[in-house]
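Trainee: Before I ask anything, here is the structure I am working with.
The values are calculated or read from the model by the stated rules, or taken from the named source; none is laboratory data. Note that the structure is predicted; figures quoted are calculated from it, not measured. All Cβ positions, glycine included, derive from the backbone under ideal geometry; neighbour counts span all protein chains shown.
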Amino acid sequence: MYIETEKISLNESLVDLFNSNRSLLLRASTDHVNALRMQAIDQFKKIGIPTKKDENYKYYDLDPVFSRKYDVHFSRKKIDFNISDLFKCDIPELDTDLLILLNGWYYENGNHDDLMKQGVVMGSLALAAVEYPQLFEQHYGRYADIKSDGLVAFNTAFALDGIFIYVPDNVMLERPVQIINIVMDKVDSMVQHRNLIVLGKNSKASIVICDHSLSANQFLTNSVTEIVASENSSLDYTRVQNEHNGAAQISSTFIHQLADSRVSTNTISLHGGFIRNNLNVMLAGKGCENNMYGLSLSDKFQHVDNSTLIDHAMPNCTSNQKFKGVMDDMASGVFYGKIFVRKDAQHTHAYQGNNNILLTDDAKINTRPHLEIYADDVKCSHGATVGQLDENAMFYLQSRGIGSKEARLMLMTAFAHEIIDQIKVDPLKDRIYDLVNKRLRGELSRCNSCAMNCN
Amino acid sequence: MLKIRNLSASIDGKMILKGINLDVNAGEVHAIMGPNGSGKSTLAAVLTGRNLYEITEGQVTYLGKDLLTMAPEDRARAGIFLGFQYPIEIPGVSMANFMRTAVNEIRKFKGQQPMNASDFMKLIREKIALVEIDTKLINRSVNEGFSGGEKKKNEIFQMAMLEPMLSILDETDSGLDIDALKIVANGVNMLKRPDNASIVITHYQRLLDYIVPDFVHILYDGRIVKSAGKELAVELEAKGYDWIKNHDGDE
Ligand SMILES: Nc1ncnc2c1ncn2[C@@H]1O[C@H](COP(=O)(O)OP(=O)(O)OP(=O)(O)O)[C@@H](O)[C@H]1O
Ligand SMILES: [Mg+2]
């Protein structure tokens, strides 16, 4: 009973937060966004923050994460430093178009003139809603279903800014777009940004997101990203999560693929107190390909929760999921991988794999495949393993003079290799390889935890 | 160099080694033969520090040190090498990375600086030539997808890279064609020095035509039941092990 009252008061207090800032929220956005906002808060009143009774969230109690006292900012803060000083890319060979989000707000940082000439739009979500209403309204809120998840409703009610990217038909971006998503504040804060990425027909893009926390406060990020890959477009989407132990990050990504599109995502969870990744893919056209890779490295009391859903709605699509986890100390992890193959989705190929290494007896992983197949001509498979480091391999390395610590490291790095290898931008791959190595060596402490080595 | 006294070891309560005595001096080549399951690989594993086995009795000293208390990597750094009967595949670890790490860990132990990239490549090329393996194997994952013969040659390649004092080669000859056998034997002979020694475990007298042993021992049911010169291998080839069974405990 006690828990129930607590829960009710948590959701009520979050609704109160909305009501008391309602005018600020409504003033900041367009009618379209606000209409969705109002629907979302109504929906949130009904379903609230997910509890462990929810199949999707049964392994981790979100209550403590949401019950902390956070500041929420309803307008963009003025900053008294140069935003680009926050970030210095130390991958010289990695030439990217850089977009910076600070506490969920887009901050102008250089222009992207050459891209603008090609009709590419990159920048603030709030601004895009005003400047490109038709394009924006065609997609915003279409893919992230507020009914499916209280956290999506919560974000839709509160989100004020984030990144908007539009790549027109037939445009292929030469450089990767890099989104640096920073949380940094003098107070504990909650951030709820929203991204929308639209790829036109036959277009191509590579996007890298780096999540960092740059101050020692407690943070909660509840973000939603909607991605549309139009016919025959191609997207590579790499996310490197590197926040400190006091940071909780819930990131829900909704990918909508149209015919013959190819999307690869790679989610590298290096560091963070609590990480929840919801990756939802709708294969809404024929002949799509989706690859979803993930690697999580966790220790101490960290928790990484990957929940995937691939919805094969149309025939002749291929999906391929591979998630790997290394859990040390008391760390815990979840992989919940869902594949739906609808009645019409003949000739579907869907593969799912989840491999885990537990380094201690206290580390834990829950791995759960969930396949629902309504078509008859399909090839689906899934497999999960949970194990320790291979003793025979350890001995082999040691027998050549390699110390046990180094040998463990080599085997863990080898385990991670398969996932990192999928990253298609070479300098980025090398850099992540390096970071993973450092992480496994325990050299990636909070202060230099910024993956890109900001100073 | 190596003194084994009354060494007994068991696994899951099952006695496998039942009081082994053996002395190996610098410059010597010892062959150990014996039927399947007699404990040859177990002896090799116990000497190199595999922790699966429980040592129930006995001592082993290596260069004056108590070997059995040393970690496997420390035994390797002190110059002991095991050529595995069944080399392990390690996906995701390249041969080059593996060997660079091993060479440098051993150098670090000796107080030497890590080897620079060009010296290391030179060393690799030199040793590859010795065992005639395909250079491409160096960029592949350790033993992954190697043929049986490639795996065995790879063991000798590693031995050549690490230049051990005492090498224990566990059936490095099995699964090799006659040319490969010569290459392996040649590799072993070229690495032979007055100050190092080797223990060669084999089932076939054939290998001993190329690697000429100073002593041949027969391991039977966890004990060395007979030791003699190289002629013992010839005798075994002719008579099989039944003859030994009758001599059980003779030594
Ligand atoms: N891990 C283990 N668990 C159980 N029994 C084992 C284990 N390792 C070895 N043994 C047993 O110990 C005995 C000796 O094995 P070992 O591998 O040392 O024999 P070997 O002389 O090398 O044989 P071979 O000529 O076939 O290679 C065998 O009966 C084997 O089954
Ligand atoms: Mg054997």
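Trainee: Hydrophobic (A, V, I, L, M, F, W, C), crowded, with 17+ Cβ neighbours inside 10 Å and in a helix (DSSP H, G or I): is that true of residue B:88 in this structure?
Mentor: On the way: hydrophobic (A, V, I, L, M, F, W, C): yes; crowded, with 17+ Cβ neighbours inside 10 Å: yes; in a helix (DSSP H, G or I): no.
Considered against the rule, which asks whether it is hydrophobic (A, V, I, L, M, F, W, C), crowded, with 17+ Cβ neighbours inside 10 Å and in a helix (DSSP H, G or I), residue B:88 comes out as no.
Trainee: Moving to a separate point now. Take the residues in the range B:141-169 that are in a helix (DSSP H, G or I) and away from chain A (no Cβ under 12 Å), then tell me which one is farthest from residue B:90 (Cα to Cα).
Mentor: As a first pass, look at the range B:141-169 and keep what is in a helix (DSSP H, G or I): B:148-162.
Right, trim to away from chain A (no Cβ under 12 Å) and you get B:148-150, B:152-153, B:156, B:160.
Working: B:148: 15, B:149: 17, B:150: 15, B:152: 15, B:153: 16, B:156: 17, B:160: 20 Å.
Restricting to residues being in a helix (DSSP H, G or I) and away from chain A (no Cβ under 12 Å), the top hit is B:160.
Trainee: For the range B:70-82, does any single residue satisfy the condition of being more than 11 Å from chain A (Cβ to nearest Cβ) and outside any loop (DSSP other than H, G, I, E, B)?
Mentor: Within the range B:70-82, none of the residues are more than 11 Å from chain A (Cβ to nearest Cβ) and outside any loop (DSSP other than H, G, I, E, B).
Trainee: Suppose we filter B:7, B:22 for residues that are within 16 Å of ligand 1 (Cβ to nearest atom), farther than 27 Å from residue A:402 by Cα, at pLDDT 95 or above and not hydroxyl-bearing (Ser, Thr, Tyr); which single one remains?
Mentor: On the way: B:7 fails: farther than 27 Å from residue A:402 by Cα.
When all the criteria are applied, what remains is B:22.
Trainee: Further question: Restricting to the range A:383-415, count the residues that are of a type in the set (Gly, Ala, Ser) and assigned to a strand (DSSP E or B).
Mentor: Going through the range A:383-415 one residue at a time, the tally reaches 3.
Trainee: Identify, by number, the condition in (1) of a type outside the set (Gly, Ala, Ser); (2) within 13 Å of chain B (Cβ to nearest Cβ); (3) within 25 Å of residue A:95 (Cα to Cα); (4) surrounded by 23 or more Cβ atoms within 10 Å (Cβ to Cβ) that residue A:428 doesn't meet.
Mentor: So the condition that residue A:428 fails would be (2).
Trainee: Quick one: is residue B:176 surrounded by 17 or more Cβ atoms within 10 Å (Cβ to Cβ), more than 14 Å from chain A (Cβ to nearest Cβ), assigned to a helix (DSSP H, G or I) and within 16 Å of ligand 2 (Cβ to nearest atom)?
Mentor: Considered against the rule, which asks whether it is surrounded by 17 or more Cβ atoms within 10 Å (Cβ to Cβ), more than 14 Å from chain A (Cβ to nearest Cβ), assigned to a helix (DSSP H, G or I) and within 16 Å of ligand 2 (Cβ to nearest atom), residue B:176 comes out as no.
Trainee: Yes or no: residue A:419 within 24 Å of residue A:312 (Cα to Cα) and within 14 Å of another protein chain (Cβ to nearest Cβ)? Show your work before the answer.
Mentor: Values: within 24 Å of residue A:312 (Cα to Cα): yes; within 14 Å of another protein chain (Cβ to nearest Cβ): yes.
Yes.
Trainee: Let me ask something additional. Report those strands (runs of 3 or more DSSP E) wholly inside the range A:266-356 carrying at least 2 residues which are acidic (Asp, Glu). Full working, then the answer.
Mentor: Working: elements: A:274-283, A:289-298, A:303-312, A:318-327, A:332-341.
Answer list for the range A:266-356: A:303-312.
Trainee: Quick check: is even one residue across the range B:182-200 modelled with pLDDT of 90 or more and within 16 Å of ligand 1 (Cβ to nearest atom)?
Mentor: Yes: the range B:182-200 contains one or more residues that are modelled with pLDDT of 90 or more and within 16 Å of ligand 1 (Cβ to nearest atom).
Trainee: List the strands (runs of 3 or more DSSP E) that sit entirely inside the range B:1-66 and contain at least 1 residues that are touching a residue at least 24 places away in the same chain (Cβ under 8 Å) and within 14 Å of ligand 2 (Cβ to nearest atom). Quick ask: steps written out before the conclusion?
Mentor: Working: elements: B:2-11, B:14-24, B:29-33, B:54-62.
By residue number, B:2-11, B:14-24, B:29-33.
Trainee: Let me ask you something else. Look at residue B:105 and say whether it is farther than 30 Å from residue B:6 by Cβ, out of contact with any Cys (no Cβ under 6 Å at 6 or more places or on another chain) and within 9 Å of another protein chain (Cβ to nearest Cβ). First the steps, then the outcome.
Mentor: Details: farther than 30 Å from residue B:6 by Cβ: yes; out of contact with any Cys (no Cβ under 6 Å at 6 or more places or on another chain): yes; within 9 Å of another protein chain (Cβ to nearest Cβ): yes.
It is true that residue B:105 is farther than 30 Å from residue B:6 by Cβ, out of contact with any Cys (no Cβ under 6 Å at 6 or more places or on another chain) and within 9 Å of another protein chain (Cβ to nearest Cβ).
Trainee: Please determine, by comparing only the residues of the range B:52-69 that are among the aliphatic types (A, V, I, L, M) and away from every other protein chain (no Cβ under 14 Å), which one is farthest from the chain's Cα centre (by Cα). Working first, answer last.
Mentor: We begin by selecting, within the range B:52-69, every residue among the aliphatic types (A, V, I, L, M); these are B:52, B:55, B:60, B:63, B:67-68.
Still in the running and away from every other protein chain (no Cβ under 14 Å): B:55, B:60, B:63, B:68.
Details: B:55: 20, B:60: 16, B:63: 17, B:68: 17 Å.
The extreme case among them is B:55.
Trainee: Here is a list of conditions, (1) modelled with pLDDT under 95; (2) within 14 Å of chain A (Cβ to nearest Cβ), and residue B:34 meets all of them except one; can you say which number that is?
Mentor: (2)
Trainee: Using the structure shown, decide if residue A:375 is within 14 Å of chain B (Cβ to nearest Cβ) and surrounded by 15 or more Cβ atoms within 10 Å (Cβ to Cβ).
Mentor: Numbers: within 14 Å of chain B (Cβ to nearest Cβ): no; surrounded by 15 or more Cβ atoms within 10 Å (Cβ to Cβ): yes.
Judged against the criteria, residue A:375 is not a match.
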